[in-house]
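J.: One structure follows; several queries about it will come next.
The values are calculated or read from the model by the stated rules, or taken from the named source; none is laboratory data. What you see is a predicted model; the values in this text were computed from it and never measured. Every residue, glycine as well, gets a Cβ built from its backbone with ideal geometry; the counts of neighbours run over all protein chains shown.
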Amino acid sequence: MKDMPLTVKRSIELLGIVLVGTILVIGKDIIMPVIMAFFISIMLLPVFRFLRKYKVPEIVAIILPILLVVIFVGAIVWFFSAQVGVLAYDFPQIKSNVNAHLKTLSEWFGSISHISTTEQMKFITKKSDDLLAMGGKAASGAAVTLSSLFVFVGLLPIYIYLMLFYKDILLRFVFMWFKTDHHPKVKEAIYETESIIKNYLVGLLIQVTYMTILLGGLLLLFGIKHALLIGVIFAILNLIPYVGALIGNIIGVLLTLTSSTELWPVITVLAVIAGVQFLDNNILMPRIVGSKVKINALFAILGVVIGGSIAGVSGMFLSMPIIAVLKVIFDRTVMFKQWGVLFGDERPSKSPMTFASFRKKKSVPTSTGTQK
């Protein structure tokens with residue numbers, strides 16, 4: 001590889017990216033549960049090691065942390081089901097509020113245009129029928145989606161158990177992949193990867209907790225209906241970098257509009273979300289996560305978009321830790337070091353175009369000759 005021309009190396013890199021992307025798209029139903037299980041098993045390693053330290057049998061030390069995860073996920077599902085039940089109970093009031101908002105919007109639109117209220121209602125009715133038709137088509141594939149979800153959730157505990165049980169075999173495979181001279185760097189990369197994943201995932205759990213308490217509690221103090229539901233939805237969506245916060249704001253506004261006919265609750269929700277998010281982004285989260293790996297905003301957003309297009313919601317959630325792990329690996333290799341620079345946010349002190357080699361007045365070859 002060292003004797004290869006640079007263009008050949010770069011061509012192989014680009015072909016490798018295309019190949020990896022193709023494999024992820026084709027095998028996402030198999031690969032995504034494995035990646036998710038890998039990250040969760042890394043997060044559970046401290047609990048496993050703590051139990052083993054006190055002579056707890058290995059199988060029990062693996063099963064107990066998995067049970068904790070199952071209980072945690074079950075509590076979230078129970079909470080959402082309870083909140084959906086409250087929304088269903090309030091459906092008549094929600095329908096009345098939505099009609100009031102539509103009437104106000106129709107009157108405002110009629111005041112600035114020549115379209116009558118009757119024509120607007122015909123348009124809304126037609127579009128509503130179209131949406132119902134689309135919903136019917138989407139519902140026809142719901143069974144397949146639910147079955148895939150159950151398979152995904154069902155495989156996760158099995159994968160986590162096996163990864164923790166066979167972790168030494170997996171580590172041995174990783175070390176055997178490299179020359180003995182490179183083992184110290186491999187060991188360092190493994191420790192740093194483990195540290196980053198643990199800090200990131202545990203930090204996200206802490207973030208969801210305090211975001212829910214802060215946002216839901218403040219909205220409750222202001223008398224906003226469905227405050228806890230708005231808090232939990234925003235806290236979970238906020239885990240998706242940049243995009244999740246925007247979607248969380250929209251859902252919070254929609255839930256507030258359906259529960260009130262006044263405008264002040266919407267302004268209150270937006271103001272509280274903005275305040276809590278500012279506190280989270282600038283004070284709390286940097287101190288909690290404390291990651292050594294910094295990903296620039298451009299590739300964070302690209303990672304979320306690409307992950308979502310490949311594997312849906314799970315791909316969006318996993319995009320940031322995957323990019324962070326890749327950066328750790330790239331930073332420790334000579335061949336892929338430029339990719340680590342591309343993912344990072346360490347901006348050069350001055351533009352590379354201002355380096356001395358670029359300032360020299362040399363002939364610049366062109367397709368037609370030489371430009372002086």
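J.: Give LEU284, LEU257, LEU246, LEU279 a once-over and let me know the one that is touching a His at 6+ places or on another chain (Cβ under 8 Å) and either among the small types (Gly, Ala, Ser) or over 26 Å from TRP78 (Cβ atoms) (or both).
T.: Step by step, each of LEU284, LEU257, LEU246, LEU279 is checked, and only LEU257 is touching a His at 6+ places or on another chain (Cβ under 8 Å) and either among the small types (Gly, Ala, Ser) or over 26 Å from TRP78 (Cβ atoms) (or both).
J.: Taking the stated definitions as given, is ILE190 in a loop (DSSP other than H, G, I, E, B) and free of Cβ contacts under 8 Å to residues at least 60 places away in the same chain?
T.: Judged against the criteria, ILE190 is not a match.
J.: While we're on this one: Any idea which residue in the range 183-200 is farthest from ASN238 (Cα to Cα), counting only those that are surrounded by 14 or more Cβ atoms within 10 Å (Cβ to Cβ) and either of a type in the set (Gly, Ala, Ser) or touching a Lys or Arg at 6+ places or on another chain (Cβ under 9 Å) (or both)?
T.: Restricting to residues being surrounded by 14 or more Cβ atoms within 10 Å (Cβ to Cβ) and either of a type in the set (Gly, Ala, Ser) or touching a Lys or Arg at 6+ places or on another chain (Cβ under 9 Å) (or both), the top hit is VAL186.
J.: Anything in the range 222-264 that is farther than 21 Å from GLY203 by Cα, out of contact with any Lys or Arg (no Cβ under 8 Å at 6 or more places or on another chain) and among the small types (Gly, Ala, Ser)? List them, or say none.
T.: If the condition is that a residue be farther than 21 Å from GLY203 by Cα, out of contact with any Lys or Arg (no Cβ under 8 Å at 6 or more places or on another chain) and among the small types (Gly, Ala, Ser), then GLY223, ALA227, GLY252 are the ones that fit.
J.: Further question on the same structure: List the pairs whose first member sits in the range 14-25 and is modelled with pLDDT of 80 or more, whose second member is polar (S, T, N, Q), and whose Cβ atoms are under 9 Å apart, counting only residues at least 6 apart or on separate chains?
T.: VAL25/SER309
J.: While we're looking at this one, here's another question. Right, LEU239: among the aliphatic types (A, V, I, L, M), in a loop (DSSP other than H, G, I, E, B) and either out of contact with any His (no Cβ under 6 Å at 6 or more places or on another chain) or closer than 26 Å to GLY315 by Cβ (or both) or not?
T.: Yes: the conditions hold for LEU239.
J.: Against the conditions (1) of a type outside the set (S, T, N, Q); (2) in a helix (DSSP H, G or I); (3) exposed (fewer than 13 other Cβ atoms within 10 Å of the Cβ), where does GLY203 fall short? Just the number, please.
T.: Among (1) of a type outside the set (S, T, N, Q); (2) in a helix (DSSP H, G or I); (3) exposed (fewer than 13 other Cβ atoms within 10 Å of the Cβ), GLY203 violates only (3).
J.: Turning to a different aspect of this structure: Could you list, in sequence order, the residues of the range 40-72 that are under 17 Å from THR209 (Cα atoms) and free of Cβ contacts under 8 Å to residues at least 12 places away in the same chain?
T.: ILE71, PHE72
J.: Quick one: is ILE240 within 23 Å of ILE306 (Cβ to Cβ) and without any contact (Cβ under 8 Å) to a residue 60 or more places away in the chain?
T.: Here the answer is no, as ILE240 does not meet what is asked.
J.: Which one of these does LYS225 not meet: (1) among the charged types (D, E, K, R); (2) more than 21 Å from the chain's Cα centre (by Cα); (3) in a helix (DSSP H, G or I)?
T.: Of the numbered conditions (1) among the charged types (D, E, K, R); (2) more than 21 Å from the chain's Cα centre (by Cα); (3) in a helix (DSSP H, G or I), the odd one out for LYS225 is (3).
J.: Still on this model: Which count do you get for residues in the range 69-85 that are surrounded by 12 or more Cβ atoms within 10 Å (Cβ to Cβ) and at pLDDT 85 or above?
T.: 2
J.: List pairs: first in the range 170-185 and under 19 Å from ILE42 (Cβ atoms), second basic (Lys, Arg), Cβ under 9 Å, 6+ apart or cross-chain?
T.: Matching pairs, first to second residue: PHE175/LYS187.
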